[in-house]
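Below: one structure, written as structure tokens.
Here, each number is a calculation from the coordinates, and none is a lab measurement. Bear in mind that the values here come from a model prediction, so they are computed numbers and not experimental data. All Cβ positions, glycine included, derive from the backbone under ideal geometry; neighbour counts span all protein chains shown.
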């Protein structure tokens, strides 16, 4: 019997996402997509980019890029919200670069008024914690390298639905699980909550899971192939992107053996048959 989409994206856990799933048992990804497809089609803001040693890490941009492509193919309009560390990562997708110091609330409101997004999806984006720090997995504050996209995300969330994918507990949207993160995982949790959180072993996998459910709902072949994902990883690494666990430019994501990515994509296809 094939695994469910949520089971697929929670495999190979090494950072406690299996614990979060045990403490908060539900099909988070399925619930998120079920609510997403109820929305009238329009512009979707996608937030990503997690600073690691001078560059954005490989987890996040990959999932965001392919989710943006999938949404565009389905008749939505994807706009990626990021900062300078993802420069040129998303060439054919409309991208807004927020300066490291951020914008004023007035400027954020103007941005929302111009584009009128129907919802907001964060994929592996560091969010502030209770100490007003933006801490990575090693508990190092990267605030000086992190544009406060979470301020826009929270502001927008007052009126529109918010979705978020995380794989550690320090990402935007993982504030929903902050008590469990604080108790069972060794980091200060992100404070930023969302309407529909998705937990995954690797945030890119959570994004693939989202795409898989969209493919099943719309009956349109939009899940990327391993060949496409592999080529895109090669591209962003050539721009400087690093493996967030290894901390070096490498053809991998979150320290995982790269062949596992192919297994995940294949199993997601099986899960939506």
Quickly rank 105-114, 260-269 as a protection proxy: mean count of other C-beta atoms within 10 Å, highest first.
-> 260-269, 105-114
First check a/c for the range 129-273, with a ≥ b ≥ c the square roots of the eigenvalues of its C-alpha gyration tensor; if it is under 1.5, answer rounded, and if not, answer prolate when a/b is larger than b/c or oblate otherwise.
-> oblate
The chain, Gaussian network, Cα under 10 Å: of 212, 250, 68, the residue fluctuating most is 250
Relative contact order (percent) for the range 66-117, with alpha-carbon contacts under 8 angstrom and 6 or more residues of separation?
-> 27 percent
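Using DSSP, restrict attention to beta bridges with both residues in the range 79-194 and report what percent are antiparallel, rounded to the nearest 5. Don't jump to the answer; show the numbers that get you there.
On the way: 3 of 11 bridges.
Bridges in the range 79-194 are about 25 percent antiparallel.
How do 27-33, 122-128 rank on mean C-beta neighbours within 10 Å, highest first?
Working: 27-33: 21.9, 122-128: 30.7.
Put in order of decreasing packing, that is 122-128, 27-33.
So what is the relative contact order for the range 5-271, in percent, with contacts set as C-alpha pairs under 8 Å and at least six apart?
On the way: 549 pairs, mean separation 65.8, N = 267.
About 25 percent, as a whole number.
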Under a 10 Å cutoff between Cα atoms, tell me which one of 91, 41, 220 has the largest fluctuation in the Gaussian network model of the chain.
-> 91
How much length is gained on full extension from residue 225 to residue 87, taking 0.36 nm per residue of separation minus their Cα-Cα distance?
-> 47.3 nm
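Figure the gain on full extension for residue 138 and residue 43 (residue separation times 0.36 nm, minus the Cα-Cα span) and round it to one decimal in nm.
Working: separation 95, 0.36 × 95 = 34.20 nm, distance 3.49 nm.
Difference between extended and current length: 30.7 nm.
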Treat each spin label as a single point 7 Å out from the Cα along the C-beta direction, and report the residue 158 to residue 270 distance in nm.
-> 4.8 nm
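Shape verdict for the range 1-53, please, from the Cα gyration tensor: rounded (a/c under 1.5), prolate (a/b greater than b/c) or oblate.
Working: a/c = 2.27, a/b = 1.19, b/c = 1.91.
Judged from the Cα gyration tensor, the range 1-53 comes out oblate (a/c at least 1.5, b/c at or above a/b).
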Among 245, 81, 199, residue whose mean-square fluctuation peaks in a GNM of the chain (springs only between Cα atoms under 10 Å) | 245
Cα centroid separation, the range 54-86 to the range 243-273 (Å) = 17 Å
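With a 10 Å radius around each residue's Cβ, average the other Cβ atoms per peptide and rank 130-136, 143-149, highest first. Walk me through the numbers on the way to the answer.
Working: 130-136: 16.4, 143-149: 20.0.
The most tightly packed comes first, giving 143-149, 130-136.
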Nitroxide proxy distance, nm - points 7 Å out along Cα→Cβ at residue 100 and residue 259 = 4.0 nm
